[in-house]
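Undergrad: Would you mind keeping the following structure in view while I ask a few things?
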Amino acid sequence: MGASLWSDVRKLALELGAAKVGVADLALYRDDYGYASKLLRKFRRAISVAWRLSDPIIDAITPDDPTEAYVHHYRAVNQALDYTALRIASLLQRRGYRAMPIPASQSLGEERLYGAISHKAVAALAGLGWIGKSMLLVTEEWGPRVRLVTVLTDFPLEPGEPLECRCGSCRACVEACPAGAVRDVSFKLYPPPLYECFDARACSRRLKEIERNPRYGEEVCGVCVKVCPVGQERR
């Protein structure tokens, strides 16, 4: 039953357009800020879904212009991910398991710096990639050129294996970040607390500035996504 259901879940996600699907053991999730504590008490596993972004659209991004094309692409991919998560959750519930889709792009709290649970952290625990210096998920195939969504569940799936960070001495994202938000912090499996690795407020200020521009109307940047060298040979 379990293997068959997981096969159905994975097949559904890939047929809907996902690039990678994996399972995370939430017992390993580090809730440094306490935002996910209630969810972690209810669910043992999380299904992580990655959607590959368009290379030509990402390649066109500059520090001065995230481009209208990227704004549209960002919104469209988020909608596709939310639909995929909804379909997966519906499938699991029909088979008798609890399932909760977490929106692909939703910030909580007054400062709106964090989500209900970190899609990137879940994806890393599922083995879809590793957390890079940019605090993005970096996949072996496409670098950070993916967006993510999460479905929490009590379905006792076999989890994936987390990957160690492979950024090494690379400083591409550190040097390219227009907000100076990326700190050159090296680590192996799990990054230190976010404030030691990344200035989330500096990043947020830049995103809000872009959002106020009527050309965009969305918190997008994408420079760190573009400059990462991982996966370039595949592109």
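Undergrad: What angle do you read, to the nearest 10 degrees and between 0 and 90, between the alpha-carbon axis of helix 200-212 and the longest principal axis of the chain?
TA: 80
Undergrad: Rounded to whole Å and ordered largest first, report the semi-axes of the equivalent ellipsoid of segment 1-75 derived from its Cα gyration tensor (root of 5λ). List each step's numbers first, then the result.
TA: Details: eigenvalues 194, 89, 15 Å².
Working from the Cα gyration tensor, I get semi-axes of 31, 21, 9 Å.
Undergrad: For the chain, take every pair of Cα atoms, bin their distances at 5 Å starting from 0, and report each bin as a whole percent.
TA: Cα pair-distance distribution for the chain, in percent: 1, 7, 14, 19, 21, 18, 12, 6, 2, 1, 0.
Undergrad: Rounded, prolate or oblate: pick one for segment 81-152, where a ≥ b ≥ c are the square roots of the eigenvalues of its C-alpha gyration tensor, a/c under 1.5 means rounded, and failing that, prolate if a/b is larger than b/c, else oblate. The partial results should precede the final answer.
TA: On the way: a/c = 2.34, a/b = 1.36, b/c = 1.72.
Here segment 81-152 falls in the oblate category.
Undergrad: Please compute P(r) over all alpha-carbon pairs of segment 1-139, binned at 5 Å starting from zero, and give each bin as a whole-number percent.
TA: The distribution over segment 1-139 is 2, 9, 16, 22, 22, 15, 9, 4, 1, 0, 0, given as percents.
Undergrad: A further question follows. Let me cross-check Met135: its accessible surface, 1.4 Å probe, with only protein heavy atoms counted, in Å² to the nearest 10?
TA: The accessible area comes out at roughly 20 Å².
Undergrad: Do you know the relative contact order of segment 1-87, to the nearest whole percent, from alpha carbon pairs under 8 angstrom that are 6+ apart?
TA: Values: 59 pairs, mean separation 24.3, N = 87.
Answer for segment 1-87 is 28 percent.
Undergrad: So, taking all protein chains as they sit and a 1.4 Å probe, how much accessible area belongs to Arg215, in Å² rounded to tens?
TA: 110
Undergrad: Now a separate question. Could you sort Lys226, Lys38 by accessible area so the largest value comes first, with the probe set to 1.4 Å? Walk me through the numbers on the way to the answer.
TA: Numbers: Lys226 65, Lys38 140 Å².
Result of the area sort, largest leading: Lys38, Lys226.
Undergrad: Roughly speaking, what is the centre-to-centre gap between segment 181-235 and segment 33-75 when only Cα atoms are used, to the nearest Å?
TA: 11
Undergrad: Assign one of three labels to segment 140-202, namely rounded, prolate or oblate, based on the Cα gyration tensor with a ≥ b ≥ c the square roots of its eigenvalues; rounded applies when a/c is under 1.5, prolate when it is not and a/b is larger than b/c, and oblate otherwise. It would help to have the intermediate numbers written out before the result.
TA: Working: a/c = 1.97, a/b = 1.79, b/c = 1.10.
Since a/c reaches 1.5 and a/b is larger than b/c, the shape of segment 140-202 is classed as prolate.
Undergrad: So what is the calculated 222 nm ellipticity per residue for the chain, using -39500 (n - 2.57) for each DSSP H run with n of 4 or more, over all residues, to the nearest 500 deg cm²/dmol?
TA: Values: 9 runs with 86 residues, N = 235.
Roughly -10500 deg cm²/dmol at 222 nm, from the helical runs in the chain.
The values are calculated or read from the model by the stated rules, or taken from the named source; none is laboratory data. Predicted model only: the values in this text are computed from it and were never measured. Surface accessibility is based on the protein's heavy atoms, side chains included, excluding ligands, DNA and RNA. Shrake-Rupley method; radii C 1.70, N 1.55, O 1.52, S 1.80 Å.
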